[in-house]
Protein chains: 4
Amino acid sequence: MISKIPVGILGATGTVGQRFIQLLHEHPWFEITWLAASDRSAGKLYPEAAKWNLATAIPANIAAMKVSAAAPDGTTPKLVFAALDATAAQQIEPAFAEAGHAVVSNSSAFRMAEDVPLIIPEVNGDHVPLIKTQKWYKKNGGFMVTNPNCSAIGLVLALAPLHRRFGIDKIFVATMQAISGAGYPGVPSMDILGNVIPYIAKEEDKMEAETRKLLGSLVESALNGSRVVDADLTLSAHCNRVAVEDGHTESVSLKLRKPATAQEIIEAWDEFRCLPQKLKLPTAPEQPIIYESAPDRPQPRLDRDRGRGMSAVCGRLRPCNIFDWKFTVLSHNTIRGAAGAALLNGELLKAQGYIS
Amino acid sequence: MISKIPVGILGATGTVGQRFIQLLHEHPWFEITWLAASDRSAGKLYPEAAKWNLATAIPANIAAMKVSAAAPDGTTPKLVFAALDATAAQQIEPAFAEAGHAVVSNSSAFRMAEDVPLIIPEVNGDHVPLIKTQKWYKKNGGFMVTNPNCSAIGLVLALAPLHRRFGIDKIFVATMQAISGAGYPGVPSMDILGNVIPYIAKEEDKMEAETRKLLGSLVESALNGSRVVDADLTLSAHCNRVAVEDGHTESVSLKLRKPATAQEIIEAWDEFRCLPQKLKLPTAPEQPIIYESAPDRPQPRLDRDRGRGMSAVCGRLRPCNIFDWKFTVLSHNTIRGAAGAALLNGELLKAQGYIS
Amino acid sequence: MISKIPVGILGATGTVGQRFIQLLHEHPWFEITWLAASDRSAGKLYPEAAKWNLATAIPANIAAMKVSAAAPDGTTPKLVFAALDATAAQQIEPAFAEAGHAVVSNSSAFRMAEDVPLIIPEVNGDHVPLIKTQKWYKKNGGFMVTNPNCSAIGLVLALAPLHRRFGIDKIFVATMQAISGAGYPGVPSMDILGNVIPYIAKEEDKMEAETRKLLGSLVESALNGSRVVDADLTLSAHCNRVAVEDGHTESVSLKLRKPATAQEIIEAWDEFRCLPQKLKLPTAPEQPIIYESAPDRPQPRLDRDRGRGMSAVCGRLRPCNIFDWKFTVLSHNTIRGAAGAALLNGELLKAQGYIS
Amino acid sequence: MISKIPVGILGATGTVGQRFIQLLHEHPWFEITWLAASDRSAGKLYPEAAKWNLATAIPANIAAMKVSAAAPDGTTPKLVFAALDATAAQQIEPAFAEAGHAVVSNSSAFRMAEDVPLIIPEVNGDHVPLIKTQKWYKKNGGFMVTNPNCSAIGLVLALAPLHRRFGIDKIFVATMQAISGAGYPGVPSMDILGNVIPYIAKEEDKMEAETRKLLGSLVESALNGSRVVDADLTLSAHCNRVAVEDGHTESVSLKLRKPATAQEIIEAWDEFRCLPQKLKLPTAPEQPIIYESAPDRPQPRLDRDRGRGMSAVCGRLRPCNIFDWKFTVLSHNTIRGAAGAALLNGELLKAQGYIS
């Protein structure tokens, strides 16, 4: 029996932290040995500190663990998955990188930083070497890797194979996002029951900026080292919150640079297999993009768990009478869009030898 | 005391029929004297025939009325409001026009017919004279007038003043539509609770075609009589169903023909007063378009009843980085989007002397 | 034109405070001249301090008012409606009574105090004179009157006429309570969407104790002055939260002291007219208890607004094979169960001459 | 490799039929070889006939199967799981028993028939021999076994160990039942979104009668053969529908025949292990009754999947001031309450040698 790599969870009591714990239960490579949360939780047993909100039970080993303060200590493992809100992350995550840790973060705080890779392993796993430009990495091997916003990740999965084959010029997207994306307590029930909220703070800007970075290219120059050049495309996003527990649904219109038929697009989705699939990363879905041909799919309740919550599900591909094509894409916002995304990043880092 | 104009309701037992009854209760001009529904209901007292689904009680006079069969009989008044589904309307509505009735219909069956006016009184009240080209009108004074689909009506209200001032070139719209739009029993709860259905049959085509007709112009030619020339604009719609009782919310991106500032757009909305307001039609809202400046509005639960359900509420006007502007518009789908729309059409016809 | 009685609202920014403002808009007797809330809100204009959550707009005069701190000042009117949470009320309400104000409170803080009347005007309006035993009243005319918990009020309305005619021995009640009962932000959407929470802190105890006090009798003794003797009945409550915006639905089983037929019970409900109806209090519903004979009623969405939210709606009266009868009762929790309840108490006090 | 026992599904396209297919996927003992549904579906491929409504995909082997008519034919296996509505079952199920099949039915049609066992394997597995009194069994080995209503099954699981140890005298129960209990299309969304329906046709009678039979005793007499003597207890049920997808939550008050402490009751639940656990039936949960000590549990969204949907989850045990104890019980209505119930019955029959 091979011993597992110890990992820590920063922000272990929140919605995404809970998903980390759920997804890492019986993980073949990683084992949680350290949990941290805010000062209010530090020192408590995990079940006392967290209002557990998932339909599976707290794993027994986790239930017996004490929550640490959110600072590196002698017991913090090298690899730390971080599920902090952006304000906390701004302060806390650099302290971990500074102390030599590999911070695999779900927060938005450093996603757009020049030297921080923003990664979807299927899309731009080749951007990972950007970490070598981080000052921490040079100093003591610490570094930081991020995954995109939950609303960007399903969309970019659907765009990536089309961008490779046909080039993408313009994208309209209107989202209908699940409440779990706002964490806990998050959205008050009085705001969302029987209602739509046509606004999520900063979300539209994130979708636009992150999509360009994710579909961009890592370029090397003798002078400046490597950096990411954004993809040359324009995205306009409308972000809405709806009364759905999990799963972000998005209506997309798309202008391509080269013409493509519906069949070619569906083939591009069906055939999309990438680094995580080749490397057989444990959390990688067999099929990253599933096309559903029924006219009324994808739907969050029925399709969010496809590929154990890691597949993006597309449907309703049809001509757009302004751009070229329109379609719907769905992905699970707290699995593929958060904890699962970071976990897959962690697995990629391990497979690429950055963590051992 | 002036005696009221008697009116009939076709399809009186359904969701829209019930709204007709609710809105016509104590109406200053009209009085329901005749109710009709399917053969299954004919002969029953109204409360036995209808599964009443509104939060106000069935008016006492209606509760005592018998439901007639859906065919003109000696007691059918001249003016008939019709709330039939499209298939039934296809057969039944012409029979009433043929018999000399003024059919004010909410159905999609004849909206796009060349000689049938498709009317939002604030937008294109001047299209009404198209009824003079109808064969029934020429024969015996019968005619047919329609109102648009519930998803088109709020959008077109918001577009109309902008189209007049700046010209509209292109529109992207993604809808989040309420369940009441599908009638009763309509959407099964197992399909929509905690879910989104990214599909409403035929809805996208209706939105696209009806918007062009509504914003078009009535032209007269010596040779052919009057006809509507569609507006020269392109619309691409994504229609979704969400778990909301009443109120359609729509995310809109807009390309104008002439540049406009945010202030100019909001002014155009604020100042929009039209025929129904001038004529003081009883069902006309004081302010057809209300702009809400709070960043998270409009919302269906909070804003659908503005102007007694007859105002469209706009919000979130902000630049679009593909087109010019984006915003959210909301309207009540069974009031402004159905029964209230037809009722306002009926009032316009009365004010213009087509009904007396 | 008669000038109106000025009133103040304590806790004006919360869910119940908003209902007070809505219900007092254009009230024939009362006029809001003073609004108070927590220190965080004090000094702000009302629309800046409150996250308004009702479907009607903030009245223009209120929108222009500044929020005061929650302490009596020179401008506080004699009559103050209080919508504070219990902890705040514990401190703040006595300070107002002490300063000579008439505090008409919706809070639970003093409901069970010996010298504080707990009033539903239709049920025990004759308990009001208990205020004369309050030290404040004796000192400077200040006093305090309370209304029951939102889950008790609909139930006790339904019980009162049965208690008078037949005597009530035992009651089982299981509630399905709306989210608005928990205020704002209140219940997180992640806790209640597609879910039931079988627990509301302290609610079951409140229902049991308040019901006995409400159905009790005011007795006078030369020695002790007046006091309330609890009704001799036993109640066992199960309180649940469900995904409903407004309206508490309750399943009730009932053991009477004297036999009654279904017809006698329904008659007792139908004929129930009391002090508020006789005095024609503006907020009093014409019919305090409405019996709906359809087998699937009452329902919160359809029936909560009966009698402008002030009627309790009963249905499904049928034999209980353990006790005598079972039925369902529904009432609007933030109107009849909170702001409307207090307002009716205020009107009763005015009609009885305690306020002028 | 041992070959599996072939089984058929009657009513394979409905909500419960789909659950049968899901639960039988990769079942260690049984293999679906025959699917039947209404005439409308007969002859179609399964995916064309069924509107699949589960979050897992249709298994590939099932997707390739044709749907048969609902009558025994040469290919119908001995063991048939039936998920028909009561009216259809009344006609169709006896035809299968008549033809020598073992009908394991979820329908209410024959549950209360004198010679038909109504079984929860943990509760009254010893009632199975009642099938020997069936005329079909005597003739050709055909027989019929049923499981209780979805609202009775969780309750009776919770009652059974208490009945054994302390005796149960009286039960009050108020249910909050999920929409999936009504099948598909079932409850219209307009009836249940943001609402409660305090009525489910015939449900209360079923709960009362089935509970007595399930907790009754099989007695043998030389004269009449075996029969079930109902338990001597009284139950009064209030059945409500709420906006929950899966999982029935029930508020229960209980009068015991012998006194019991809270600890004794929780022990009785914790220690409850029965026939299915001893026989290691594949679908049997390790722990049939789980007690959750958190004050706000059980909740349908969080607890319905415990024991793969086969455990009843109890919580909130507290004194009742009318009876002895009150508590909340939850169970998954389409797994433990329907398809899983029947499947466990089938497994019990196999383990007992009635099927091979």
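Go ahead and set up a Gaussian network model of chain A, Cα springs under 10 Å, then flag whichever of A:Ala70, A:Ala338, A:Ala182 fluctuates most.
Answer for the Gaussian network model of chain A: A:Ala182.
When Lys and Arg each count +1 and Asp and Glu each count -1, what net charge do the other residues less than 14 Å away from D:Leu235, Cβ to Cβ, add up to?
That sum, taken over residues with Cβ under 14 Å, equals -3.
Hey, what D do you get for region B:147-218 in µm²/s if you plug the Kirkwood alpha-carbon radius into Stokes-Einstein at 37 °C and 0.692 mPa s?
Reported coefficient: 237 µm²/s.
Using only Cα atoms and rounding to the nearest 10 degrees, what angle (0 to 90) does helix D:203-214 make with the longest principal axis of chain D?
The helix D:203-214 is inclined about 90 degrees to chain D.
Please report Rg over Rh for region A:150-332, where both radii come from the alpha carbon positions and Rh follows the Kirkwood definition.
0.98
How do D:317-326, A:105-114 rank on mean C-beta neighbours within 10 Å, highest first?
A:105-114, D:317-326
Helix B:15-24 versus the longest principal axis of chain B: what angle, 0 to 90°, nearest 10, using Cα atoms?
80
Between B:Ser226 and D:Asp85, what FRET efficiency comes out of the Förster formula 1/(1 + (r/R0)^6) with R0 = 35 Å and r the beta carbon distance, rounded to 0.05?
Using R0 = 35 Å, I get an efficiency of 0.05.
Which whole-angstrom value gives the distance between the alpha carbon centres of region D:71-147 and region D:273-301?
Their Cα centres are 26 Å away from one another.
Taking every DSSP beta bridge that has both residues in chain A, what percent is antiparallel when rounded to the nearest 5?
45
Using the 10 angstrom Cβ neighbour count as an exposure proxy, how do B:Thr56, D:Thr283, A:Thr75 rank, fewest first?
Listed from fewest to most nearby Cβ atoms, that is A:Thr75, B:Thr56, D:Thr283.
Among A:Asp246, C:Asp270, which comes first, then next, by fewest other beta-carbon atoms within 10 Å?
Taking fewest neighbouring Cβ atoms as first place, the list is C:Asp270, A:Asp246.
Which of C:Glu264, C:Glu271 comes first, and how do the rest follow, when ranked by fewest Cβ neighbours within 10 Å?
The order, fewest Cβ neighbours first, is C:Glu271, C:Glu264.
Between the label point of B:Glu286 and that of the same position in each other copy, find the distances and list them shortest first in nm, with every label point placed 7 Å from Cα along the Cα-to-C-beta direction.
2.8, 6.3, 6.7
May I ask for the net charge around C:His332, where only other residues with Cβ less than 11 Å from the Cβ of C:His332 are counted and Lys, Arg are +1 while Asp, Glu are -1?
Residues close to C:His332 contribute a combined charge of +1.
In vacuo Debye scattering of chain A, one point per C-alpha: log10 I(q)/I(0) at q = 0.09 Å⁻¹?
Once normalised to I(0) and log-transformed, intensities are -0.46.
Using a label position 7 Å from Cα in the Cα→Cβ direction, what is the ascending list of nm distances from C:Gly43 to the same site in the other copies?
Ordered by increasing distance: 3.5, 7.5, 8.0 nm.
Pull up the cross-link candidates among the lysines for B:Lys350, meaning alpha carbon to alpha carbon under 18 Å and not fewer than 8 places away within one chain.
Here the lysines satisfying the reach criterion relative to B:Lys350 are B:Lys4, B:Lys78, B:Lys132, B:Lys278, B:Lys280.
On average, how many beta carbons from a partner chain sit within 10 Å of the beta carbon of a residue in A:246-253?
Rounded to a whole number, the mean comes out at 5.
Calculated from DSSP H runs of 4 or more alone, at -39500 (n - 2.57) each and per residue, what is the 222 nm mean residue ellipticity of chain B, nearest 500?
-7500 deg cm²/dmol
Can you give the mean number of other chain Cβ atoms that lie within 10 Å of the Cβ atoms in peptide A:165-174?
3
Got the C:Arg273 label distances to the other copies yet, label 7 Å along Cα→Cβ, in nm, shortest first?
With the label placed 7 Å along Cα→Cβ, C:Arg273 yields 4.6, 6.9, 8.2 nm.
Against the longest alpha carbon principal axis of chain A, how many degrees, from 0 to 90 and to the nearest 10, is the axis of helix A:150-166 turned?
That works out to roughly 50 degrees.
Stick to Cα atoms and the Kirkwood definition of Rh, then tell me Rg/Rh for the protein assembly as shown.
With Rg and the Kirkwood Rh in hand, the quotient comes to 0.97.
Look at the axis of the rotation that sends chain B onto chain C, then give the chain B residue with the nearest Cβ and the distance in whole Å.
That would be B:Gly194, 2.
Determine which lysines satisfy two conditions relative to D:Lys51: a Cα distance under 18 Å, and not lying fewer than 8 residues away in the same chain.
D:Lys66
Here, each number is a calculation from the coordinates, and none is a lab measurement. The shown structure was predicted, so the numbers you read here are calculated from the model rather than taken from an experiment. So basically every Cβ, Gly included, is an ideal-geometry build from the backbone, and we count neighbours across all protein chains shown.
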